[in-house]
Each structure stands twice: as structure tokens, then as C-alpha cells.
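These notes are about the structure you will find just below.
The values are calculated or read from the model by the stated rules, or taken from the named source; none is laboratory data. Keep in mind that this is a model prediction, so the values were computed, not measured. Every residue, glycine among them, receives a Cβ derived from its backbone with ideal geometry; neighbour counts consider all protein chains shown. SASA here: full protein model, heavy atoms, side chains in, ligands and nucleic acids out. Shrake-Rupley method; radii C 1.70, N 1.55, O 1.52, S 1.80 Å.
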Amino acid sequence: MVVKGDARPHMVPLLIIAMLVGVAACKSPDADEIITSGQRIVHPISAAIPGFDQAHNFVASDLAADGESEMRAVVRALLSATESMTLGMLEGETHEMFGSIADIDVDADGNMYVLDSQFNEVRVYSAEGTFQYAIGRMGQGPNEFTAPRFIDVNRSGRVIVADQYYGIKIFEQTGDTHRLAATVPLSFTPMGMCVDNDILHVQGSRAEDLSAIFRFSLSGDSLGSFGATYKSSSLSVRTYLTNGHIVCLRRPASVMYFPQFLPAIYGYSYEGVMQWVSKIAKHQSLDIVEEQSGTSGRSWVNMNVFNKTYDVIMGAVELPERHVIVQIATITPESIKSGEGERYAELRTYLMSALTGEAIFVTDTMPPVYAVTADRMYTVHTHPFPQITVYDLTSPAS
């Protein structure tokens with residue numbers, strides 16, 4: 001069984017440009033008041049970050065000897081990975097070229113499922129990299145996608161795809177292909193998704209619910225919500241500083257939550273109880289400026305994403321046995337405006353313990369990681385054209 005998170009590293013700067021623009025935002029009546037009429041406030045504020053006053057350091061300097069030894073072994077396995085396969089061409093057949101790789105997952109047989117958000121389809125490749133078939137196409141019909149963002153292949157081989165506008169679509173194996181079996185409608189935009197025990201966990205923001213993570217059955221039944229959100233009376237501020245990645249872990253049975261723009265990472269039990277909070281030191285925050293009109297009572301939110309250096313959690317991917325790869329990027333005005341190379345100035349990779357939330361630094365040269373199995377790591381480059389590079393590695397669990 002493959003374990004993975006919802007790393008979408010190269011998409012984040014583009015999403016920032018699309019989403020973090022000046023907007024007029026009505027205040028959420030259920031949120032705590034943090035500004036008064038005519039006041040200007042720059043977010044994030046430490047006091048508004050849930051559990052921040054009790055958080056421990058993200059990068060640990062005093063890991064237990066046994067724990068550190070285990071994590072160092074995993075780091076060695078990652079750093080000794082050898083390139084085994086590359087998919088993606090500048091020119092070739094349609095299945096040989098990628099438009100925008102949104103997500104990757106791998107099934108128990110090693111087949112690779114690549115979600116391409118530009119072609120609006122899931123491409124299935126064998127473990128050897130041979131193209132098999134495609135699932136979906138552009139459109140609003142049952143077997144079509146409009147803005148697919150995340151993919152998960154569960155234990156029974158169902159292919160689960162989250163569409164930004166048309167909820168979550170579940171495909172089942174039928175002969176030599178997959179066909180739509182069910183659709184789970186959503187009343188919010190999915191910003192992260194993971195599946196475990198046939199339970200959908202979807203990260204997003206809803207005006208009527210101050211939770212960060214929502215649960216659904218595969219038949220679409222709501223199973224509740226959990227996860228503390230950034231405390232703000234502005235729905236826009238709360239949404240921007242709540243959206244992030246989530247990872248479902250089988251051992252330990254838990255859910256990890258990574259708000260993209262906050263210097264905090266959260267570990268929850270499978271029942272939704274917060275277990276720990278990890279604080280990212282020397283985090284350069286993106287300024288989100290909120291101003292309230294004294295006459296209309298509306299708050300205005302503006303973000304200057306082009307002229308400031310800031311950090312963002314760009315991806316989180318589960319490894320076998322209690323560990324998660326976390327990648328944090330530094331975005332600079334030059335990197336986000338550049339037409340050359342990746343859209344970040346630096347990408348730092350850490351190995352994190354799902355049990356404690358403590359991490360150790362791995363490297364700043366690893367490409368964006370999209371999935372990891374017991375013996376392979378799947379990474380993505382976007383320049384000069386989209387490519388998937390597969391690495392062989394000794395089992396991190398060993």
C-alpha cells in the first residue's frame with residue numbers, strides 16, 4: 001500500500017497569484033472580533049494562531065537517541081536515492097507531454113496515476129512507465145473535470161479526484177479502465193485531501209463552520225469536522241490563513257495539518273483531538289493587511305505577493321512508518337516574477353515525526369516530492385517543461 005500526502009509544490013505560487021488579491025470581505029459573525037472600526041491590522045498575529053503559545057520547536061535539537069537514529073536512517077535512504085525513470089517530453093505524443101502536474105499517487109501494484117490539471121485528466125502509467133489509459137476529460141459531465149486538484153488511490157483501487165468546482169469524484173476499476181462510481185458534492189473549495197479507512201478528509205474553509213478539516217464517507221455523508229482555524233473576524237483572512245495541506249497516517253492513526261502561510265504544523269488524533277503543535281522558527285510570513293471601513297463596516301484584505309520575501313509550506317508527503325516529508329519554500333519577488341526556473345528561491349526539505357511533530361533538516365537540493373512508496377520517490381520539475389522523475393530508494397521503513 002502506498003502512503004502519500006497532498007503535495008502540490010509547483011502550483012502554490014500560481015495559486016497565490018490567483019487567490020491572494022485585494023478583496024472586499026464580509027466579516028464572519030461567528031468569529032471572534034479582532035479589529036474595531038477603522039483599524040488596520042497585519043496578519044498573521046501570534047495570538048491568533050491556535051496553540052502557538054504551547055508549540056514546541058519544529059526542528060528539534062534534543063531528539064531522543066532512538067528517535068534520532070531512526071530518523072537519520074530515513075534521511076540517509078532519501079539522500080541515497082538513485083534516478084530510475086523520467087516521464088515527460090517537450091514534444092511528442094499527448095500522453096508523453098504534461099501540461100500541469102497537479103498530483104501523483106501510486107497503487108499497490110506500482111501503477112502511477114498522474115493528475116494533469118491542464119489536460120483535465122488522470123493518466124495511468126505502469127510501474128515501468130508505460131502509458132495505459134486516461135480517466136476523464138475537460139467538461140462538467142459525470143466523467144469530466146473542470147479544475148482537478150488532488151488525487152488519492154485507496155486500498156481497494158478506487159481513484160478519488162477532488163475538483164475545485166464540482167466536488168469529489170470517485171472512480172472504480174471496470175475491466176481495463178476506471179469509471180465514475182460516485183460524486184461527493186462540496187459547499188467549499190477543497191484545498192487539501194487525503195483518504196484513509198474509506199473516509200475522505202478534505203481541508204477547506206466554510207463561513208458557517210470554524211473548522212479546518214471536514215470528513216465524508218465515500219457515499220457523500222458528512223461525518224463532522226475538526227481542526228482549529230486562524231482566529232479572525234474576517235472570512236477572507238481566516239480562509240487564507242487556514243488553507244493548507246493535510247496528510248492521513250495509518251500508523252499512528254492520525255491526521256496532520258499544514259497551513260500554508262502559518263509558522264505552525266498540527267498533529268491530530270484520528271478522532272480529531274489536537275496532539276501537538278510544532279512551531280517553525282525564523283518563518284518569514286506573507287503580510288495580509290486587513291482594514292475596516294468606519295462607515296460600511298466591511299473589512300478589506302490586501303496582500304502584496306510580488307514585492308515581499310516570504311515562506312510557504314509547499315508540500316507534505318507521508319512515508320511508511322510514522323514519518324512525513326515537509327518542504328518549505330522561500331518565495332522572493334525575483335523568483336515569482338521570473339520566467340526561468342522554479343517559482344521559488346529556495347526549497348528546504350525536512351523529515352518530520354508524526355508521533356511528536358519534531359523534525360530534522362534533510363537538504364535544500366531535493367526537488368518537489370509528490371509521493372513516496374516503500375521503494376520509490378516521485379518528484380516533479382516544471383522547467384523547462386513538466387517532467388516526473390522517479391527515484392529508487394531503500395525502504396525508509398528499514
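Within the range 104-131, the set of residues being in contact with a helix residue (DSSP H, G or I) (Cβ under 9 Å, 6 or more places away or on another chain) and part of a strand (DSSP E or B) comprises ARG123, TYR125, PHE131. Of the residues examined, MET89 is one that is open to solvent by 70 Å² or more (accessible area, probe 1.4 Å) and over 23 Å from CYS194 (Cβ atoms).
Within the range 94-110, being in contact with a strand residue (DSSP E or B) (Cβ under 6 Å, 6 or more places away or on another chain), closer than 16 Å to VAL159 by Cα and open to solvent by 10 Å² or more (accessible area, probe 1.4 Å) holds for one residue alone: ASP107.
Among the residues of the range 278-293, the ones that are open to solvent by 10 Å² or more (accessible area, probe 1.4 Å) and either farther than 12 Å from ASP311 by Cβ or touching an Asp or Glu at 6+ places or on another chain (Cβ under 9 Å) (or both) come to 11 in all. Only one of the listed residues (VAL317, VAL305, VAL326, VAL312) is surrounded by fewer than 21 Cβ atoms within 10 Å (Cβ to Cβ), hydrophobic (A, V, I, L, M, F, W, C) and under 21 Å from the mean Cα position of the chain (by Cα). That residue is VAL305.
To keep it simple, each residue is scored yes or no on (1) touching a helix residue (DSSP H, G or I) at 6+ places or on another chain (Cβ under 6 Å); (2) aliphatic (A, V, I, L, M).
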| position | (1), (2) |
| --- | --- |
| ASP287 | no, no |
| GLU290 | yes, no |
| ASN302 | no, no |
| ASN307 | yes, no |
| GLU318 | no, no |
| HIS323 | yes, no |
| VAL326 | no, yes |
| LYS337 | no, no |
| GLU342 | no, no |
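Scanning the range 377-398 for residues that are touching a strand residue (DSSP E or B) at 6+ places or on another chain (Cβ under 6 Å) and either among the small types (Gly, Ala, Ser) or at pLDDT 95 or above (or both) returns MET377, TYR378, THR379, VAL380, PRO386, GLN387, ILE388, THR389, VAL390, TYR391, ASP392. Going through MET377, MET366 one at a time, which residue ends up being within 20 Å of the chain's Cα centre (by Cα) and assigned to a loop (DSSP other than H, G, I, E, B)? Among MET377, MET366, only MET366 is within 20 Å of the chain's Cα centre (by Cα) and assigned to a loop (DSSP other than H, G, I, E, B). Of everything listed in (1) over 24 Å from the mean Cα position of the chain (by Cα); (2) at pLDDT below 90; (3) among the small types (Gly, Ala, Ser), the single unmet condition for SER156 is (1).
At least 1 residues that are out of contact with any Cys (no Cβ under 6 Å at 6 or more places or on another chain), surrounded by fewer than 21 Cβ atoms within 10 Å (Cβ to Cβ) and β-branched (Val, Ile, Thr) in each: list the strands (runs of 3 or more DSSP E) lying fully within the range 160-258 that qualify. Those strands (runs of 3 or more DSSP E) span 167-174, 177-184, 199-203.
Can you report the number of residues in the range 90-103 which are over 22 Å from the mean Cα position of the chain (by Cα) and either farther than 21 Å from HIS383 by Cα or part of a loop (DSSP other than H, G, I, E, B) (or both)? Qualifying residue count for the region: 5.
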